[in-house]
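One structure is given here, and the rest of the page talks about it.
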Amino acid sequence: MSVPDDASSLLGEVAFALVLTPVAGAEALAATCAIAKIAADVVPSPVGALAVCRVTSSDAPAAAAGALSRLLRGVPLVLIERREGQLSASRWLDGDRGDDLAPGLVLNDAPEVLEDLVLGSTTPAELDGVVSSVGMSRLKAMRVLAAAARAARQ
């Protein structure tokens, strides 16, 4: 009998995953996802944009969190996953997985939209202001990010 290093593999496949970011705009995060080749629906929220992963098989959510955290250097992100009714949360920074977090603490004082998505009571398709990274070209993504950078400088 062998014991895996990561106990999450014992819980089954990921049914839902999202990356919680402090990025203010959904369009800017969707552009970042497009550049990283991450299929996600980005939901705006008062605490930052939420990238809901479209691909949850294997280690795709962890790969998405790692790629986003590499592109958003110095910005801590939180990956929240739901497997067979169990939530897990982990901190990511500069492409590296950090500490595991208590999901209850992450969801404490969270906006309603985050709770609704994580608990499965709503989907991105049912929400307003959602931007998809799917189908966004690299050129459009670069234009969106350049416009966001210009707006931040002003």
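In plain terms, the chain from VAL75 to ARG150 could stretch by 25.1 nm, reckoned as 0.36 nm per residue minus the Cα-Cα distance. Full extension of the chain segment joining ARG138 with ALA24 gains 39.0 nm, where the gain is 0.36 nm per residue of separation less the Cα-Cα distance.
Between the amide H of LEU50 and those of VAL43, SER45, distances stay under 5 Å, these residues lying 5 or more places away or on another chain, with hydrogens modeled in the peptide plane. Calculate how steeply helix 138-153 sits against the longest principal axis of the alpha-carbon atoms of the chain, using the helix alpha-carbon long axis, and give the answer as 0 to 90 degrees to the nearest 10. It is inclined by approximately 70 degrees.
Dividing the Cα radius of gyration of the chain by 2.2 N^0.38 Å, with N the residue count, gives 1.02.
For ASP94, the amide hydrogen comes within under 5 Å of the amide hydrogens of GLY74, VAL75, counting only partners 5 or more places away or on other chains and with H modelled in the peptide plane. 3J(HN,Hα) along the range 93-106, derived from phi through the Karplus expression 6.51 cos²θ - 1.76 cosθ + 1.60 where θ = phi - 60°, amounts to 8, 6, x, 10, 6, x, 5, 7, 10, 6, x, x, 6, 5 Hz, with x in place of Gly and Pro. When you filter the GluC sites (Glu not before Pro) in the range 46-144 for DSSP loop state and at most 11 other Cβ atoms inside 10 Å of their Cβ, you are left with GLU84. Computed 3J(HN,Hα) for the range 112-119, one whole-Hz value per residue from the Karplus formula 6.51 cos²θ - 1.76 cosθ + 1.60 where θ = phi - 60°, is 4, 5, 5, 4, 4, 5, 5, 7, glycine and proline marked x.
All of the numbers you see were taken from the coordinates with simple rules; none came from a lab. Quick caveat, the model's predicted, so the values are computed rather than measured. Cβ sites come from the backbone with ideal geometry, for glycine too, and all protein chains shown count toward neighbours.
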